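Take a look at the structure below.
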Amino acid sequence: MTVTLITGANKGIGYETARQLIHLGHTVYIGARDVERGEKAAAELGARFVQLDVTDDASVTAALATIGSVEGRLDVLIHNAGISGGGIVDGPTALRVFDTNAVGVVRVTEAALPLLRTSQHPVVVTVSSSAGSFWAVTNPDRPEFGLPATLYAASKSAATMLMVQYAKAEPGIKFNALEPGFTDTDMTAALGMGGGRPVEESAGTVVRLATIGADGPTGTLQDEAGELRW
Ligand code: NAI
């Protein structure tokens with residue numbers, strides 16, 4: 001049985017990814033900040049719940065300790081938790097956005113590494129964004145070119161770079177970042193960006209990278225069509 005942890009999975013793309021991976025036979029741990037919402041989501045899905053706030057070291061350490069004591073290993077780690085920052089650009093918002101979207105990836109990865117190293121085929125996936133691709137945001141033919149998302153985009157560049165650096169530092173583990181596609185979730189609704197596609201489609205890219213084989217890629221940024229440029 002493949003043991004999988006998904007951060008921020010009580011709703012949105014993370015919740016749907018959990019549903020699809022459970023369907024494929026994974027034992028899925030939903031990491032969520034709020035105990036009530038996390039337990040409710042886990043019960044609906046047939047998943048397990050761990051309290052996990054990616055900005056809180058103690059919470060992250062405790063969540064991975066729980067998985068370690070119950071499962072003895074972790075096969076798939078999906079960094080899905082993320083915030084937009086609401087389009088505000090100032091110091092406190094920058095700290096919050098980078099803490100969640102980039103530092104959170106470091107916190108959870110570092111806490112998970114000992115468990116990932118005990119897996120036969122460990123995989124780490126970060127739900128990043130093409131808004132963090134220098135190629136996309138400087139290309140007038142791409143929608144990211146006109147996207148006003150200063151802090152979000154910069155934090156997602158960092159998240160993607162972390163996958164590239166971890167892929168080099170840990171050759172025994174697959175690390176990839178992805179753009180799920182513009183999706184109708186609470187995040188995009190709160191920004192007044194209606195019209196995204198359903199989570200069912202976007203989670204497909206997360207599932208594809210979470211289930212790559214031993215000969216699969218590492219250190220890449222991908223979307224549904226394959227590799228994306230940096
Ligand atoms: P969402 O708002 O529905 O889900 C975000 C999840 O992250 C929520 O469950 C939230 O509680 C959780 N979260 C936020 N801060 C957290 C923290 N400190 N600790 C633990 N969990 C935390 O939004 P959505 O769209 O499902 O976002 C999922 C990921 O997909 C995010 O990383 C987002 O940046 C990324 N993404 C979304 C796109 C879209 O069009 N919706 C496009 C590109 C990337």
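The values are calculated or read from the model by the stated rules, or taken from the named source; none is laboratory data. Source: prediction; values computed, not measured. The area values use the complete protein model at the heavy-atom level, side chains included, leaving out ligands, DNA and RNA. Shrake-Rupley method; radii C 1.70, N 1.55, O 1.52, S 1.80 Å.
Give the angle, between 0 and 90 degrees and rounded to the nearest 10, that separates the Cα long axis of helix 35-45 from the longest principal axis of the Cα atoms of the chain. It is inclined by approximately 80 degrees. Heavy-atom accessible area for LYS156, with the other protein chains in place and a 1.4 Å probe, reaches approximately 10 Å². Taking the chain as the reference, fit the longest principal axis to its C-alpha atoms, fit the long axis of helix 57-71 to the helix C-alpha atoms, and give the angle between the two in degrees, 0 to 90, nearest 10. With rounding to tens, the tilt is 40 degrees. With only Cα atoms counted, the range 85-128 has Rg and Dmax values of 14.1, 44 Å.
Solvent-accessible surface of the chain, averaged per residue with a 1.4 angstrom probe and all protein chains in place: 45 square angstrom.
When the alpha carbon gyration tensor of the range 106-227 is reduced to an equivalent ellipsoid, the three semi-axes, largest first, read 26, 16, 14 Å. Using a probe of 1.4 Å, the accessible surface attributed to HIS26 totals some 20 Å² when neighbouring protein chains are kept in position.
Normalised by residue number, the volume inside the convex hull of the Cα atoms of the range 53-172 is 103 Å³ per residue. When the residues LEU221, LEU45 are ordered by accessible surface, computed with a 1.4 Å probe over the protein chains alone, the sequence from largest down reads LEU45, LEU221. Quick note on the range 3-227: its Rg to Rh ratio, both from C-alpha atoms and Rh being the Kirkwood radius, is 0.94. Considering only protein heavy atoms and a probe of 1.4 Å, how much of the accessible area of the chain is carbon and sulfur, as a whole percent? In the chain, the share of accessible area belonging to carbon and sulfur is 55 percent.
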